[in-house]
Structures are given as structure tokens and as C-alpha cells.
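The values are calculated or read from the model by the stated rules, or taken from the named source; none is laboratory data. None of these values were measured; they are calculated from a predicted model. Positions of Cβ are generated from backbone atoms using ideal geometry, with glycine treated the same way; all protein chains shown enter the neighbour counts.
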Amino acid sequence: MESKLRAVYASMGGLDQAMHQRHRDQTGSFYTPFEVASETVLIAAVRRLCCVFSADPDEVRRCLEKPGSDPQRSEQYFEAMHTWHVVDPAGGDGVFAIAWLSLLETLCRSLEKDPQLLAKAAERVHLFDLQPEPVAHYKDMVASYFKLDREKLGSYTGNVLDTASLLQGPPVAEVLALGGYDLVVGNPPYIGEKNHKDLFDEAKRYPFGAAHYEKNMDFFYYFIHLGMALLAEGGILGFITTGYFFTADGASGLRTAMSQNGSFVDLARFEGGSLFKDAAGQSNVIFHYRRGVQERCRYVEVPAKPKTLDVTERWRQSSSVIWLNRSQIVSRFGNFYFSMHPGEPLAIEEMEAACSKTFGDVFQVRQGIVSGFDRAPDEGVFVLTPEEALSLEIEEALLVPFYKNSQVKRGKVDLEARFVLLYIPQEIEEFETRYPNAYRHLSRFRGKLSKRREVVNGVRPWYALQWPRTATLFEGPKIVAPHRALNNAFAYTDQPFYGSADLYYLTPLVGLEEVKPDKQISNSGLSQEDLLAVSLILITEVYEFWLSVRGKRKGDVLELYATPLRQMPLPPLEGCDASYLRLKTLAVDHYRRFGHLCNEDLRAEASGVVFDWLGLSEVARNTIKDYFEAKRT
């Protein structure tokens with residue numbers, strides 16, 4: 001029995017069709033298809049009822065979808081549901097609110113209940129939005145449909161981070177006085193801090209925004225914090241977001257708050273791209289979270305095909321379903337992980353237990369250079385082609401070879417420098433006189449160069465690199481990695497390898513053993529042979545597995561950022577362990593012969609040695625092998 005309200009909503013076209021792309025870009029809004037909102041709301045209702053009635057989720061869902069299968073129990077559920085308080089804090093045109101009221105309407109008609117109950121239920125559904133137009137659109141439609149005074153429909157128009165106004169005024173204050181909202185559902189805006197500094201600066205003006213701000217966060221994190229604050233004990237938060245906050249550095253505080261205040265009860269990961277046609281490149285999840293209760297989570301992976309099926313049908317019909325407990329989701333670093341293979345966290349635990357240190361204990365992990373102005377639209381500034389440098393007659397003493405992150409592959413670096421870098425790390429006495437050509441070239445861009453933060457603060461002269469690092473980082477022996485890669489693309493090089501901030505450099509932090517001075521790396525005590533061995537260890541299957549399961553990912557792409565690199569487990573390099581000595585021999589011999597470690601036979605042999613070195617059980621070994629076999633198929 002289809003909801004009439006849903007048909008009215010569809011006939012009015014929703015706000016989605018009237019929105020222009022400029023508005024989407026400004027607000028980070030992607031208005032949700034009704035079917036997706038409906039499924040999100042249904043799961044939220046099911047999980048709330050499970051808590052209230054201590055019921056089985058499959059049984060509850062059956063009663064809501066087919067009330068005739070158990071009319072008495074369905075009526076019991078409806079009597080509870082129509083009294084609930086429900087809110088969408090990023091309301092848009094009210095699609096989640098309409099989905100909720102449509103669910104109630106279908107139940108009401110099937111059970112032949114009093115339609116006036118729906119009008120009262122509509123008054124308990126609240127909508128928040130920064131923009132007044134979508135809220136007005138929703139209220140006009142619902143008031144007309146239920147023959148209500150539109151002023152009885154609760155809403156808040158304004159910045160939801162102004163919690164002094166939001167939480168202490170109508171309609172929220174009354175609901176919080178009763179214990180809080182039963183359901184908080186929605187699709188909050190996806191806006192990263194990069195390129196939106198003004199928005200986040202404004203957010204920090206409010207105490208709530210300042211309290212929950214984290215560097216490099218996404219704006220939707222605020223909505224999760226707000227949702228938890230609005231929920232009643234046992235209430236359900238159901239949001240559509242990206243899954244980036246599971247491991248992002250800018251979400252550590254959010255993860256801590258979520259771990260302390262409740263638990264995930266349902267999470268769907270959508271493979272093959274975004275749920276929204278205008279948000280290509282996103283990797284969406286829909287999660288349901290219960291406040292105040294620690295329980296298991298139903299995890300679903302939704303396949304990208306067949307495209308002939310609507311995404312919600314693929315969601316409902318997916319056979320990739322597993323129940324995960326808290327210890328399988330929350331890592332020892334506080335990150336969140338969801339996997340169809342419960343053996344994977346156990347294999348990770350074995351690996352980490354065998355390692356006494358992390359890479360951050362032994363290695364310095366640093367980004368490459370930030371110039372502040374690599375290139376102008378049609379020419380180089382600090383980063384030039386060799387032809388540009390020759391034409392400008394830039395003094396060679398200031399030029400170094402410059403490499404792109406794409407020139408680092410697993411086990412090998414491409415040493416053909418396609419660019420040169422004007423490397424000026426600090427003030428040069430009589431710069432104009434000593435290097436007139438470089439001075440003349442950079443002077444053309446002085447206006448923009450002078451506006452860089454370090455120049456404004458007096459840390460750098462206008463003609464120097466913004467964050468130059470130190471030349472020894474780039475000149476000496478090191479392990480390099482691109483910030484994003486499809487595999488564990490680590491490579492050793494002892495050649496000058498200057499690169500930008502999208503490259504990471506691993507160099508020894510402290511000495512580990514006494515070696516001959518001619519083999520030392522920057523007086524650290526860790527030899528070049530050790531560094532070669534470590535680079536071989538990093539390209540094995542064991543470490544690709546750890547980075548894939550425990551590191552950061554964006555879809556299938558590994559994000560080899562500082563935090564996951566520092567968190568990688570590291571076996572003890574001290575002493576004369578036979579496995580480590582074998583790895584060192586393999587690495588040194590192959591590098592001396594070929595100048596790289598890019599060889600699948602070498603990688604396979606090294607992977608086997610690392611398995612033995614860590615003493616991984618047969619179960620853990622098979623889990624790792626099965627993981628890669630599944631990837632290949």
C-alpha cells in the first residue's frame with residue numbers, strides 16, 4: 001500500500017530539480033533520492049524498535065514492511081512510532097522527513113488506525129536548514145497535506161552550530177526536556193576545510209564549533225557531534241556520509257566521542273562510486289549509530305552491479321552481510337574498520353603483537369617541499385622544465401632535480417627528472433647580485449610570493465621556498481612513497497630525490513647498531529643495507545595487507561600519509577635474527593645487480609620470510625593470502 005504523501009512529494013518534483021549547481025557547490029549539498037532516504041529511515045526505525053522492545057531486527061522489519069504478517073505486533077510498533085520525535089538537522093527539502101511520515105502513513109492505513117495520529121506525528125518531525133527556502137517548501141507541503149497550521153511544524157532556520165539558540169529554543173528545548181530525539185536522520189553537507197577556510201573560521205566563532213573543531217576535518221563531522229547531542233538514550237542516528245572519517249587524522253576526536261557514547265548498529269558501504277550523480281569520486285556509506293548502548297553492528301557491502309537494479313534494491317538484496325563486534329571495528333589506535341572477513345583483524349593483531357615498535361618509533365616520516373607557488377598557468381616559478389631553466393639562464397647552483405609522486409613505484413624510482421626545482425631554503429646574502437637571473441625571474445611573481453604565510457610572518461624572505469625542509473632529507477639514502485597509490489609503493493634511493501608534499505620520505509630517527517662510518521646514514525647508525533632491507537619489508541604482501549586493512553583508504557587507493565606510515569608495526573631490527581639477515585641479503589644482492597627491488601619473485605620470497613619472521617599462524621597466513629586472492633578475482 002503506497003503512501004499518498006510520497007506521491008504528493010514526487011508530483012511536486014522535490015527541491016532537487018530546482019537546485020542549481022552553484023548552490024550545490026556552495027553548500028556541499030547532494031539531495032537524496034527518495035528510495036535511499038526511505039531505506040535509511042526504515043533501518044533507523046527498526047533499530048530503535050529493537051531497543052525499545054528487545055526484538056529481533058528481521059522480525060521488526062517484517063512487521064513494518066508487511067503489517068498483515070503479525071497485525072498485533074505491527075500495531076504495537078506503530079503505537080510507539082507515531083509518538084517519536086524525529087529530526088533532520090540538514091533538512092534540505094525534507095526528503096527524510098517525508099520518508100518517515102510515509103512509513104507511518106503506510107502502517108496507519110494498513111492497520112486502519114485513526115489518520116489524525118499522522119497529523120500529530122507530523123508535528124513531532126523537525127527540520128533544520130541554513131536556507132529558509134527548503135524549510136518553507138517542506139512546511140507548505142506537509143501543512144497542506146495534513147491540513148495543519150504550518151506554524152505547528154517544528155523547524156529551525158539558521159546555523160545549527162549556534163547551539164545556544166538551537167538547543168535552548170523551540171522546538172528542540174522541549175524535546176530535550178523529554179529526553180531527546182528518537183531518530184536523527186539525514187544527509188549532511190560534505191565540505192572539506194581545504195578551500196573553505198572562511199566557513200570553518202565562522203564555525204569556530206560558536207562554542208560548539210570551537211569545541212569540536214579538528215584540523216583538516218569535514219563539515220559533516222559537526223553534524224555527527226550534533227546528532228549525538230540531540231539523541232535520546234537508545235536513540236538512532238542514521239546518516240549518509242563518506243567513509244573517510246573512519247581513519248582520517250581530522251576525525252580522531254569524532255571517533256573518540258562516537259566510541260565513548262554509543263556504537264554502530266548498521267553500516268552499508270557502497271562500492272563503485274558515489275550514491276549521487278553529481279558527486280563522482282565520493283565513496284559513500286550509510287551508517288546507523290545508537291547512543292548509549294554497546295552492541296554488534298550489521299555490516300553490508302553493496303555491489304556496484306547490476307546497474308539494472310536500483311541502488312536500494314542492491315542494498316536490500318546484497319548477500320555480503322556480516323555482524324561485527326566492537327573489537328572488530330575499533331582498532332588499538334581508535335580508527336574504525338569494517339570488513340567482511342573477521343579473520344583480518346585477528347591477522348592484524350598477530351602481526352602487531354609480533355612487533356615491539358612502530359615505524360614512528362624508529363623512522364622520521366616527513367613530507368616533501370611546499371614551495372607556495374610551483375608554477376604559474378603557463379610557466380614555472382619554483383618548479384621549471386629544464387628548457388625553461390635554460391631559457392631563463394637560471395644559475396645552476398640553485399637548481400636541483402625535481403620528481404613527481406608518479407615516479408615512485410613499488411620497489412623502484414624513476415630517476416629521469418622531468419623538472420628542476422629552484423631550491424632556495426632561506427635568505428641568501430646579496431641574492432640579487434649573486435644570482436641576478438634567478439632574482440629577475442622570481443621578481444615577476446613577487447606580489448603573490450610575498451603573500452605566503454611564512455613571508456608575511458617574517459619566517460622566510462619573499463624569494464625562498466615556503467617549507468623547504470632540509471637538503472639532507474632529499475640528498476641522502478631514504479625510502480620514498482607517494483601520498484596515494486594502488487599498492488604499497490615504497491622504494492629506496494640514495495640519489496638526490498627532491499619532491500613536493502605529495503611525496504613522503506622515511507629516514508632513520510635513531511641509531512640501531514654500530515656500523516662503519518662510510519656506511520652510516522647521517523650518523524644515525526642505521527646502515528644503507530638496513531634501509532634497503534626495510535624497503536624490501538615494506539613492499540611485501542604482509543605490509544600491503546596491513547595498509548589495506550588498517551591504514552587509510554579512499555576506495556581502492558591507499559593513502560600513504562604520515563599517520564598510517566608512523567603506525568605501521570616494525571619488528572626489532574637489532575641483533576642477528578636469521579630472517580632479518582636473510583631479507584638484508586636478498587635486498588642488497590638484488591639492488592647491487594639491478595639498482596632497484598622491483599621484482600615479483602623477490603617480493604614473493606621476501607613475503608615468505610616476513611611471514612616466518614613474525615611467526616604468523618597458519619590461519620593468519622591464509623587470511624592474508626585469501627585477501628589478495630579475492631582482490632585478484
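The set of residues from region 297-312 being surrounded by 14 or more Cβ atoms within 10 Å (Cβ to Cβ), not acidic (Asp, Glu) and not in a helix (DSSP H, G or I) comprises Cys297, Arg298, Tyr299, Val300, Val302, Pro303.
Filter region 330-353 down to the residues that are part of a loop (DSSP other than H, G, I, E, B) and charged (D, E, K, R) and list them by number.
Keep residues of region 330-353 that are part of a loop (DSSP other than H, G, I, E, B), which gives 331-335, 337-342.
Answer for region 330-353, where residues must be part of a loop (DSSP other than H, G, I, E, B) and charged (D, E, K, R): just Arg332.
Between Asp530, Asp589, the distinction of being crowded, with 21+ Cβ neighbours inside 10 Å, among the acidic types (Asp, Glu) and part of a helix (DSSP H, G or I) belongs to Asp530 only. For region 93-122, which positions are under 14 Å from Glu65 (Cβ atoms) and either free of Cβ contacts under 8 Å to residues at least 60 places away in the same chain or not in a helix (DSSP H, G or I) (or both)? Hits for region 93-122 are Leu104, Leu107, Leu111. Among the residues of region 560-568, is there at least one that is out of contact with any Lys or Arg (no Cβ under 9 Å at 6 or more places or on another chain), over 25 Å from Asp414 (Cβ atoms) and either β-branched (Val, Ile, Thr) or buried (at least 20 other Cβ atoms within 10 Å of the Cβ) (or both)? No, region 560-568 contains no residue that is out of contact with any Lys or Arg (no Cβ under 9 Å at 6 or more places or on another chain), over 25 Å from Asp414 (Cβ atoms) and either β-branched (Val, Ile, Thr) or buried (at least 20 other Cβ atoms within 10 Å of the Cβ) (or both). Does Ala389 qualify as being out of contact with any Lys or Arg (no Cβ under 7 Å at 6 or more places or on another chain), assigned to a helix (DSSP H, G or I) and among the aliphatic types (A, V, I, L, M)? So Ala389 passes the test.
Residues in region 573-592: is at least one in contact with a Phe, Trp or Tyr (Cβ under 8 Å, 6 or more places away or on another chain), assigned by TED's automatic domain parsing to the domain that holds Cys355 and acidic (Asp, Glu)? Among the residues of region 573-592, at least one is in contact with a Phe, Trp or Tyr (Cβ under 8 Å, 6 or more places away or on another chain), assigned by TED's automatic domain parsing to the domain that holds Cys355 and acidic (Asp, Glu), which makes the answer yes. Only one entry in Ser263, Ser259 is modelled with pLDDT of 90 or more, assigned by TED's automatic domain parsing to the domain that holds Ala211, polar (S, T, N, Q) and assigned to a strand (DSSP E or B), namely Ser263. With the structure loaded, tell me whether Val36 is surrounded by 23 or more Cβ atoms within 10 Å (Cβ to Cβ) and touching a strand residue (DSSP E or B) at 6+ places or on another chain (Cβ under 6 Å) or whether it fails that test. It is false that Val36 is surrounded by 23 or more Cβ atoms within 10 Å (Cβ to Cβ) and touching a strand residue (DSSP E or B) at 6+ places or on another chain (Cβ under 6 Å). Scanning region 619-633 for residues that are more than 25 Å from the chain's Cα centre (by Cα), in a helix (DSSP H, G or I) and at pLDDT below 85 yields a total of 0. Can Asp129 be described as within 37 Å of the chain's Cα centre (by Cα) and without any contact (Cβ under 8 Å) to a residue 40 or more places away in the chain? Spelling it out, Asp129 is indeed within 37 Å of the chain's Cα centre (by Cα) and without any contact (Cβ under 8 Å) to a residue 40 or more places away in the chain.
Scan region 171-204 residue by residue and report those that are polar (S, T, N, Q) and free of Cβ contacts under 8 Å to residues at least 12 places away in the same chain. Within region 171-204, just Asn195 meets the criteria. No other residue among Ala481, Ala464, Ala489 is under 30 Å from the mean Cα position of the chain (by Cα), part of a loop (DSSP other than H, G, I, E, B) and modelled with pLDDT of 95 or more apart from Ala489.
To keep it simple, each residue is scored yes or no on (1) in the same structural domain as His225 (by TED's automatic domain parsing); (2) in contact with a Leu (Cβ under 9 Å, 6 or more places away or on another chain); (3) assigned to a strand (DSSP E or B); (4) within 21 Å of Met258 (Cβ to Cβ).
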position: Val285; (1), (2), (3), (4): yes, yes, yes, yes
position: Glu295; (1), (2), (3), (4): no, no, no, yes
position: Arg314; (1), (2), (3), (4): no, no, no, no
position: Cys355; (1), (2), (3), (4): no, yes, no, no
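Give Gly281, Gly234, Gly272 a once-over and let me know the one that is among the small types (Gly, Ala, Ser) and either modelled with pLDDT of 95 or more or not in a loop (DSSP other than H, G, I, E, B) (or both). Within the list Gly281, Gly234, Gly272, the selection yields Gly234. Confirm whether Met351 is of a type in the set (A, V, I, L, M) and modelled with pLDDT under 90. Spelling it out, it is not the case that Met351 is of a type in the set (A, V, I, L, M) and modelled with pLDDT under 90.
Scanning region 616-626 for residues that are surrounded by 11 or more Cβ atoms within 10 Å (Cβ to Cβ) and over 10 Å from Gly343 (Cα atoms) gives Leu616, Ser617, Arg621, Lys625, Asp626. Does Ala232 qualify as being in the same structural domain as Ile43 (by TED's automatic domain parsing), of a type in the set (Gly, Ala, Ser) and farther than 19 Å from Val87 by Cα? No: the conditions fail for Ala232. For region 401-430, which positions are buried (at least 18 other Cβ atoms within 10 Å of the Cβ) and outside any loop (DSSP other than H, G, I, E, B)? Once the filter is applied, which keeps residues that are buried (at least 18 other Cβ atoms within 10 Å of the Cβ) and outside any loop (DSSP other than H, G, I, E, B), region 401-430 yields Pro401, Phe402, Tyr403, Asn405, Gln407, Val408, Lys412, Val413, Phe419, Val420, Leu421, Leu422.
The number of residues in region 317-329 that are surrounded by 13 or more Cβ atoms within 10 Å (Cβ to Cβ) and outside any loop (DSSP other than H, G, I, E, B) comes to 5. Pairs meeting the criteria (first residue in region 478-502 and under 23 Å from Ile424 (Cα atoms), second residue among the acidic types (Asp, Glu), beta carbons under 8 Å, at least 6 apart or on different chains) are Lys478/Asp494; Pro496/Glu475; Ser500/Asp374.
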